[in-house]
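*Asks:* Pasting a structure here, questions to come.
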Amino acid sequence: MVEKYWEIISGSFTGYWDYLVTEITTPSWTNYFYWLLGLSLLVWLFELVFPWRKDQSALRKDFWLDGFYMFFNFFLFSLIGYNAISNVAVELFNDLLGVFGLENIVALQIDTWPIWGQLLLLFLAADFIQWNVHRMLHRVPWMWEFHKLHHSVKEMGFAAQLRFHWMETVIYKTLQYIPLAMIGFGIQEFFIVHIFAVFIGHLNHANVGWGYGPLGYVFNNPKMHIWHHAKEWPEQHPYGVNFGLSLSIWDYLFRTAYIPRNGKNIELGFDNDENFPEDFFHQMTYPFKKK
């Protein structure tokens, strides 16, 4: 048993390294690395051509730090350990199912559905779970200590979406695993939905003044999401507002939507954020320090 898990750990490191090298050296239509890079450049171009805050620099405050977070959270974190840990966790979960005579927990077989139906269900299910997890990050004190990093952004830009602590990846993926595992999705469907969600997330944080008109009641957008990053929240919503990642519909349904006026120049951050560290290393260790 120990040998099996050791092989999973060692194989995860070498396997992910080979995957990452292939991603970088072999561009293709299913290459996640270049999709992320391409979408980032596209939304940055939107910022340059259609800037909402025209006095904000193209290389805004912490532009390069957020760019590093983008590649750290999506690639380097998996390389230095997360891929191995998650593979072991999945194997442990499968072994636990085996004790009860189960091979998987798929409760809804959707492989016979039309592809658009599969993608729509995956998108809605994943986004609703993420909306609830996002609310937890604001309401649970120890989770908020990790989530503060994302709210330390002082000037919004596309890469601000990916300025978050690696512990958020652990929290999101852990709480998503069982609900999504109960639906028989394929890897290709996950890839398509995830790429679309990244694109929407980039736009939500970008320096563009788009509200999408009536579609703003369905999709999250920059004019709505900037109020999520406001330094001061309304008294009736002390834990925050506008928790949607891709969809705004959850906030309207559960009455956490809040757009009181044009928020183009509101102050961003959180109470006492002037004491929050500004470099990567101290931002990573901040939540673990006794306050």
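The values are calculated or read from the model by the stated rules, or taken from the named source; none is laboratory data. Note that the structure is a prediction, hence the values are computed from the model and not measured. A quick note on method: Cβ atoms are made from the backbone with ideal geometry, for glycine too, and the neighbour counts reach across all protein chains shown.
*Asks:* Please go through (1) crowded, with 16+ Cβ neighbours inside 10 Å; (2) over 20 Å from the mean Cα position of the chain (by Cα) for P260 and return the number of the only condition it doesn't satisfy.
*Replies:* With (1) crowded, with 16+ Cβ neighbours inside 10 Å; (2) over 20 Å from the mean Cα position of the chain (by Cα) applied to P260, the lone miss is (1).
*Asks:* Okay, moving on. For S10, indicate whether it is over 30 Å from G157 (Cα atoms) and either buried (at least 16 other Cβ atoms within 10 Å of the Cβ) or not hydrophobic (A, V, I, L, M, F, W, C) (or both).
*Replies:* Working: over 30 Å from G157 (Cα atoms): yes; either buried (at least 16 other Cβ atoms within 10 Å of the Cβ) or not hydrophobic (A, V, I, L, M, F, W, C) (or both): yes.
Judged against the criteria, S10 is a match.
*Asks:* Yes or no: M167 assigned to a helix (DSSP H, G or I), hydrophobic (A, V, I, L, M, F, W, C) and over 28 Å from S86 (Cβ atoms)? Give the steps one after another, and end with the answer.
*Replies:* Details: assigned to a helix (DSSP H, G or I): yes; hydrophobic (A, V, I, L, M, F, W, C): yes; over 28 Å from S86 (Cβ atoms): no.
Spelling it out, it is not the case that M167 is assigned to a helix (DSSP H, G or I), hydrophobic (A, V, I, L, M, F, W, C) and over 28 Å from S86 (Cβ atoms).
*Asks:* Right, something else. Within region 68-91, track down each residue that is crowded, with 17+ Cβ neighbours inside 10 Å and modelled with pLDDT of 85 or more. Reasoning before the result, please.
*Replies:* As a first pass, look at region 68-91 and keep what is crowded, with 17+ Cβ neighbours inside 10 Å: 69-70, 72-73, 75, 78, 82-84, 86-87.
The answer is Y69, M70, F72, N73, F75, S78.
*Asks:* Then there is this: Give region 1-20 a look and list any residue that's farther than 19 Å from F191 by Cβ and within 24 Å of the chain's Cα centre (by Cα), or say none. Step through it out loud before you land on a result.
*Replies:* Taking region 1-20 first, the residues farther than 19 Å from F191 by Cβ are 1-14, 17.
Those that are farther than 19 Å from F191 by Cβ and within 24 Å of the chain's Cα centre (by Cα): S12, F13, W17.
*Asks:* Is it true that some residue in region 122-134 is surrounded by 20 or more Cβ atoms within 10 Å (Cβ to Cβ), more than 12 Å from the chain's Cα centre (by Cα) and of a type in the set (A, V, I, L, M, F, W, C)?
*Replies:* yes
*Asks:* Test K264 against the criterion of being charged (D, E, K, R), within 24 Å of P141 (Cα to Cα) and not in a helix (DSSP H, G or I), and give yes or no. Explain how you work it out, then say what you get.
*Replies:* On the way: charged (D, E, K, R): yes; within 24 Å of P141 (Cα to Cα): no; not in a helix (DSSP H, G or I): yes.
No, not satisfied.
*Asks:* Considering region 143-164 alone, what residues qualify as being part of a helix (DSSP H, G or I) and over 18 Å from G209 (Cα atoms)?
*Replies:* Applying the first criterion (part of a helix (DSSP H, G or I)) to region 143-164 yields 143-147, 150-152, 158-162.
Listed by number, the residues that qualify are M143, W144, E145, F146, H147, H150, H151, S152, L162.
*Asks:* Could you tell me whether F196 is surrounded by fewer than 16 Cβ atoms within 10 Å (Cβ to Cβ), under 26 Å from F33 (Cβ atoms) and out of contact with any Leu (no Cβ under 8 Å at 6 or more places or on another chain)?
*Replies:* Values: surrounded by fewer than 16 Cβ atoms within 10 Å (Cβ to Cβ): yes; under 26 Å from F33 (Cβ atoms): yes; out of contact with any Leu (no Cβ under 8 Å at 6 or more places or on another chain): yes.
Here the answer is yes, as F196 does meet what is asked.
*Asks:* Right, something else. Look at G201 and say whether it is surrounded by fewer than 20 Cβ atoms within 10 Å (Cβ to Cβ) and either at pLDDT 95 or above or farther than 19 Å from R163 by Cβ (or both).
*Replies:* Values: surrounded by fewer than 20 Cβ atoms within 10 Å (Cβ to Cβ): no; either at pLDDT 95 or above or farther than 19 Å from R163 by Cβ (or both): yes.
For G201, the condition - surrounded by fewer than 20 Cβ atoms within 10 Å (Cβ to Cβ) and either at pLDDT 95 or above or farther than 19 Å from R163 by Cβ (or both) - is not met.
*Asks:* Condition first: among the aromatic types (F, W, Y) and loosely packed, with under 14 Cβ neighbours inside 10 Å. Now tell me which residues in region 14-34 satisfy that. Walk me through how you get there before you give the answer.
*Replies:* So in region 14-34, the residues among the aromatic types (F, W, Y) come out as 16-17, 19, 29, 32-34.
Of everything in region 14-34, those that are among the aromatic types (F, W, Y) and loosely packed, with under 14 Cβ neighbours inside 10 Å turn out to be W17, W29.
*Asks:* May I pose another question? Condition first: out of contact with any helix residue (DSSP H, G or I) (no Cβ under 8 Å at 6 or more places or on another chain) and either hydrophobic (A, V, I, L, M, F, W, C) or touching a residue at least 24 places away in the same chain (Cβ under 8 Å) (or both). Now tell me which residues in region 232-250 satisfy that.
*Replies:* Within region 232-250, E232, W233, P234 meet the criteria.
*Asks:* Then there is this: Taking region 218-257, which residues are farther than 18 Å from V133 by Cα and either more than 21 Å from the chain's Cα centre (by Cα) or surrounded by fewer than 16 Cβ atoms within 10 Å (Cβ to Cβ) (or both)?
*Replies:* Hits for region 218-257 are V218, K231, E232, W233, P234, E235, Q236.
*Asks:* Are any residues in region 247-262 out of contact with any Phe, Trp or Tyr (no Cβ under 8 Å at 6 or more places or on another chain) and of a type in the set (A, V, I, L, M), and if so, which ones?
*Replies:* Quick first cut of region 247-262, residues out of contact with any Phe, Trp or Tyr (no Cβ under 8 Å at 6 or more places or on another chain) only: 253-255, 257, 261-262.
Result: L253, A257.
*Asks:* Still on this structure, please answer the following. Inspect all residues belonging to region 35-56 and state whether any of them is of a type in the set (S, T, Y) and surrounded by 13 or more Cβ atoms within 10 Å (Cβ to Cβ). Can you show your working first?
*Replies:* Here is the first cut: in region 35-56, the residues of a type in the set (S, T, Y) are 40.
Checking which are surrounded by 13 or more Cβ atoms within 10 Å (Cβ to Cβ) leaves us with 40.
Yes.
*Asks:* Which condition breaks for A197 when tested against (1) in a helix (DSSP H, G or I); (2) more than 29 Å from K264 (Cβ to Cβ)?
*Replies:* For A197, the failing item is (2).
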